[in-house]
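Below: the structure, in structure tokens.
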Amino acid sequence: MSKKRKLEAQAGDQVKVGNKTISLEGYLSKKPRKEQATSNNTSGVPNSDQALQTQAPPALQSEAKDEQKSDKNQDTTKPAGDPQFLPIRQALPLWTHQDEIRRILRQHDVLLLVGETGSGKSTQVPQFLYQEKWCQRRRVKVQTNGVTEQVNVGGVIAITQPRRVAATTLAHRVSREAGTSLNGQRGGSDAKGAVVKGLVGYSVRFDHRVPPGTKIKFVTEGMLLQELLRDPHLRQYSAIIVDEIHERSVDVDLLSGFLKQIVSGDKAGRGGIPLKVVIMSATANVESIKHFFSNPDTNTASSSSTREENPTDGIQFLQVEGRQFPVDVIHAPKPIPDIQEALLKTVFKLHTEEPLTDKHGRRDILAFLTGQEEIETAQRLIEEYAATLGPKLPKINVMPLFGQLSMEAQYEAFQPVKGAFTRKIVLATNIAETSVTVPGVRYVIDCGKAKVKQFRPRLGMESLLAKPISQSSAIQRTGRAGREGPGKSYRLYTEETFQGLKKTDLPEILRTDVLGAVLTMKARGIEDVLAFPLMDPPEVESVGKSLLHLHLLGALADDGSITDMGRKMVMFPVTAPYARVLLAATDPKHDCLLEVIDIISCITAGDDIFLQVQSEEIKEEVEVYRKELFRREGDLLTYLTAMQHYAAENTDRAQWCKSRKINMRNMKQALNIRKQIRGLCVREGMMEPAPTDPQPFSPASPDEAAVILKCFLKGFALKTAMLAPDSSYVTSHGKHVVAIHPSSMLHGQKKEAIMFLEHVYTQKNYAKKVSAIQASWIAEALEH
DNA sequence: GAGCACTGC
């Protein structure tokens, strides 16, 4: 029947340190902890699956040379912090490596640390390091434009996170462990009971808590990139810890480039004081990262004359195993033509043959599918099957889980099933691979595909299509079965197919428009963006397209240097075209900045603020309320009306959202963004402080609406289409046929010309966020 | 008539 392979690796039975292997038998017998409440990190390649991969080459296993026999003399650390957390911290796989980590960083500047989920790296590494001598703030002389000045360098460790929640929850956790308060109050106490001041802080968008005395600061990647704009040498910091680098966001890729430049440069901007860099990954697939930080020759910004004075001693490497139960991987014996059928059969087999519970708890099923439609079909089929089950078999409770579901519906998937004699079957998209952890899962069914968004630079549009996943992703999915007890993972594809999958997913920078990345580099002083060190450089053509686009937007001058307008644009937390729209709205002949801010806030707050309505009945009900928001000019003016009504609503905003089926969470986020952008505009002298809410609602006149749309054309002149004689829309740039997406209020309508902010290929070429415009406006917008 | 997942001074 199906091919079975028992995986050998056990739950964290040994740790590789340098070229040694240390047994961890001491606490192996303990039940692995559940997902740490502190760590939002749910990603990471499970240990059990590593046996699937070929043994890492010796070079990868250790470069931590200089191993000493004993480091006791240097060990300055009586463990600091709140003693009540000490036993928990001591049980973490990372705890026994703290001397090792300290020793490496005393002698070297760059360390790559691989530690799987649950190893404790995010919480412990900063605590191991902040008392180090090299971490103290120093007063040094630096030369700025020929003038010598005294500046402070160092004193703080930054830890970057891809997501805000991760940064804030980790900061809370570490602050508690350290026995200090995030508020900077003198509430905490150290081991001796003495009062200590703030030690841990965080800084994320909309939320900053950096108490006096902060030595450990959790930040989002975007935040540190933004700090780089003001402080190119990161003088505030002694060390930067880059966490979750395996997620390979565009921000972390850019950050890595800047860090590489600082580390391998001449350090003159830091008064000769080195910046320590710890790169942390939850997956062992780190060859490209190692290679990137080991080779100074790709670095172009630091002059070659200084290189011999500052030899880079390469990157040090340390791997700490996580803890994970073994998972059996079962591949399909031959290629499967019908995934839905195979899914149903696997569910049937598991449900009838496998016990409902064991000593580790529930034994629920998690299936990874590609999207909402597939999930809903599968749900229907499984429920039909479940209705035929005899009374002796457990009942089945199918829970769909995808991003478009309401928060309450998503929450349901995480709850234990209600009936006692019932098995939960969660049908999820990729949301369950990295973003959330579903408890109780012991069986994983993996369809082997996922929908991915990919930017097509040549067409200036993106596509969203189901594609085969990577091996790393398959391993990740498998690992979801082994978090609470031994599990099984059924892959609905053959082992040959698995071997043929690419090792890792394409990093985001190769999948998205690099427009923002290029502007980021330009604004931070990178003249030749093609020479900037990146782990995975995008195609030259993509970069070229972005340079042209930025030039068209007025962010770059004819010679490619950044303009004053470009410098203003990078300060806004929106993409370059939106920033251009903001600047256009400031122009006295337009003068509609507040309105444009409202619209952009709504759009960038997340998914569509208008929730999808399933049933026809409710739809009719909702339409009655929504009618007053709709504008015939299209989606943008409709967003504006929605925001203005919401801001004017004085009594019950929750009820207001509910009756109109508007996403309250996004609406709140939109208000946050609106406040932030307004603040930036005031700071930049683009407007006077706006009157506070609630303001009475006054609709934009048709003339005002036209002016607003003309502002948007300044950023989106290329994203326009004209109505053709055959009633289709043909893009003015590229002459492609586009259809108005059903989510747009202009769907099915015929207008002379349209402007659209998004252009996505799924079933066909779709234009989203659409507005009706006049054809003459397009040429007008392209004039300078 | 249709919707992978994240995210930013």
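The values are calculated or read from the model by the stated rules, or taken from the named source; none is laboratory data. Computed from a predicted model, the values in this text were never measured in an experiment. Cβ: placed from backbone, ideal geometry, glycine included. Neighbour counts: every protein chain shown.
Just one of the numbered conditions (1) modelled with pLDDT of 95 or more; (2) touching a Cys at 6+ places or on another chain (Cβ under 6 Å); (3) closer than 25 Å to A:Glu616 by Cα is not true of A:Met664; which one?
(1)
Name the residues in the stretch A:592-606 that are among the β-branched types (Val, Ile, Thr) and in contact with a Leu (Cβ under 8 Å, 6 or more places away or on another chain), would you? Walk me through it before giving the result.
Step one: list which residues in the stretch A:592-606 are among the β-branched types (Val, Ile, Thr), which gives A:596-597, A:599-600, A:603-604.
Selection gives A:Val596, A:Ile597, A:Ile599, A:Ile600, A:Ile603.
Can you go through A:Lys568, A:Lys589, A:Lys545 and tell me which one is touching a helix residue (DSSP H, G or I) at 6+ places or on another chain (Cβ under 9 Å) and either within 13 Å of DNA strand B (Cβ to nearest atom) or over 20 Å from A:Ala717 (Cα atoms) (or both)?
Answer to the check: A:Lys568.
Please verify whether the stretch A:698-719 includes one or more residues that are over 18 Å from A:Met643 (Cα atoms), among the hydrophobic types (A, V, I, L, M, F, W, C) and within 16 Å of DNA strand B (Cβ to nearest atom).
Yes, because at least one residue in the stretch A:698-719 is over 18 Å from A:Met643 (Cα atoms), among the hydrophobic types (A, V, I, L, M, F, W, C) and within 16 Å of DNA strand B (Cβ to nearest atom).
Go through the stretch A:205-242 and give me each residue that's more than 22 Å from A:Gly269 (Cα to Cα), modelled with pLDDT under 95 and more than 8 Å from DNA strand B (Cβ to nearest atom).
Scanning the stretch A:205-242 gives A:Asp207, A:His208, A:Arg209, A:Val210, A:Pro211, A:Pro212, A:Gly213, A:Thr214.
Based on this model, can you work out whether A:Gly213 counts as of a type outside the set (Phe, Trp, Tyr), in contact (Cβ under 8 Å) with a residue 40 or more places away in the chain and more than 17 Å from A:Arg163 (Cα to Cα)? Give the steps one after another, and end with the answer.
On the way: of a type outside the set (Phe, Trp, Tyr): yes; in contact (Cβ under 8 Å) with a residue 40 or more places away in the chain: no; more than 17 Å from A:Arg163 (Cα to Cα): yes.
For A:Gly213, the condition - of a type outside the set (Phe, Trp, Tyr), in contact (Cβ under 8 Å) with a residue 40 or more places away in the chain and more than 17 Å from A:Arg163 (Cα to Cα) - is not met.
Answer with yes or no whether A:Val147 is over 17 Å from A:Pro232 (Cα atoms), out of contact with any strand residue (DSSP E or B) (no Cβ under 9 Å at 6 or more places or on another chain), assigned by TED's automatic domain parsing to the domain that holds A:His246 and not basic (Lys, Arg).
yes
Considering only the stretch A:610-625, I want to know if a residue exists there that is surrounded by 22 or more Cβ atoms within 10 Å (Cβ to Cβ), hydrophobic (A, V, I, L, M, F, W, C), within 11 Å of DNA strand B (Cβ to nearest atom) and closer than 28 Å to A:Arg205 by Cβ. Spell out the reasoning first.
If we filter the stretch A:610-625 for residues that are surrounded by 22 or more Cβ atoms within 10 Å (Cβ to Cβ), which is where we start, we get none.
Among the residues of the stretch A:610-625, not one is surrounded by 22 or more Cβ atoms within 10 Å (Cβ to Cβ), hydrophobic (A, V, I, L, M, F, W, C), within 11 Å of DNA strand B (Cβ to nearest atom) and closer than 28 Å to A:Arg205 by Cβ, which makes the answer no.
Each row is one residue, and each column tells you yes or no for (1) under 12 Å from A:Leu343 (Cβ atoms); (2) within 12 Å of DNA strand B (Cβ to nearest atom).
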{"residue": "A:Leu369", "(1), (2)": "yes, yes"}
{"residue": "A:Ile375", "(1), (2)": "yes, yes"}
{"residue": "A:Gln379", "(1), (2)": "yes, no"}
{"residue": "A:Glu384", "(1), (2)": "no, no"}
{"residue": "A:Gly390", "(1), (2)": "no, no"}
{"residue": "A:Leu393", "(1), (2)": "no, no"}
{"residue": "A:Val398", "(1), (2)": "yes, no"}
{"residue": "A:Leu401", "(1), (2)": "no, yes"}
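Which of the following residues is free of Cβ contacts under 8 Å to residues at least 24 places away in the same chain and either surrounded by fewer than 19 Cβ atoms within 10 Å (Cβ to Cβ) or more than 12 Å from DNA strand B (Cβ to nearest atom) (or both): A:Ala642, A:Ala670, A:Ala654?
Only one candidate qualifies: A:Ala654.
What tally of residues in the stretch A:60-96 results from selecting those that are within 15 Å of A:Glu132 (Cβ to Cβ) and either acidic (Asp, Glu) or at pLDDT 90 or above (or both)?
So the count comes out to 2.
Could you list, in sequence order, the residues of the stretch A:81-115 that are farther than 19 Å from A:Val174 by Cβ and either among the aromatic types (Phe, Trp, Tyr) or part of a loop (DSSP other than H, G, I, E, B) (or both)?
Result: A:His108, A:Asp109.
Tell me the residue from A:Val770, A:Val760 that is at pLDDT below 95, under 25 Å from A:Leu611 (Cα atoms) and of a type in the set (A, V, I, L, M), please. Step through it out loud before you land on a result.
Details: A:Val770 fails: at pLDDT below 95.
Just a single option satisfies the conditions, and that option is A:Val760.
Tell me which residues, restricted to the stretch A:173-204, are modelled with pLDDT of 90 or more and more than 16 Å from DNA strand B (Cβ to nearest atom).
A:Arg173, A:Val174, A:Ser175, A:Arg176, A:Glu177, A:Ala178, A:Leu199, A:Val200
Do we find that A:Glu527 is over 25 Å from the mean Cα position of the chain (by Cα), outside any helix (DSSP H, G or I) and at pLDDT below 95 in this structure? Steps first, please.
Values: over 25 Å from the mean Cα position of the chain (by Cα): yes; outside any helix (DSSP H, G or I): yes; at pLDDT below 95: yes.
Against the criterion (over 25 Å from the mean Cα position of the chain (by Cα), outside any helix (DSSP H, G or I) and at pLDDT below 95), A:Glu527 qualifies.
Go through the stretch A:752-771 and report how many residues are more than 16 Å from DNA strand B (Cβ to nearest atom), crowded, with 21+ Cβ neighbours inside 10 Å and not polar (S, T, N, Q).
Qualifying residue count, the stretch A:752-771: 2.
Cβ-Cβ under 9 Å, sequence separation 6+ or interchain: first residue in the stretch A:725-750 and under 23 Å from A:Leu611 (Cβ atoms) and part of a loop (DSSP other than H, G, I, E, B), partner acidic (Asp, Glu) and within 16 Å of DNA strand B (Cβ to nearest atom). Which pairs?
What qualifies is A:His741/A:Glu758; A:Ser743/A:Asp608; A:Ser743/A:Asp635; A:Ser744/A:Asp635; A:Met745/A:Asp635; A:Leu746/A:Asp635.
Within the bounds of the stretch A:143-160, is there any residue that is assigned to a loop (DSSP other than H, G, I, E, B), away from DNA strand B (no atom under 16 Å from the Cβ) and over 28 Å from the mean Cα position of the chain (by Cα)?
So far as the stretch A:143-160 goes, yes, one or more of its residues are assigned to a loop (DSSP other than H, G, I, E, B), away from DNA strand B (no atom under 16 Å from the Cβ) and over 28 Å from the mean Cα position of the chain (by Cα).
For the stretch A:229-250: of the residues being aliphatic (A, V, I, L, M) and in a helix (DSSP H, G or I), which is nearest to A:Gly120 (Cα to Cα)?
Just the residues of the stretch A:229-250 that are aliphatic (A, V, I, L, M), to begin with: A:229, A:234, A:239-242, A:245, A:250.
Add one more test, that the residue is in a helix (DSSP H, G or I), and what stays is A:229, A:245, A:250.
On the way: A:Leu229: 31, A:Ile245: 16, A:Val250: 25 Å.
Step by step, filter the stretch A:229-250, then rank; the result is A:Ile245.
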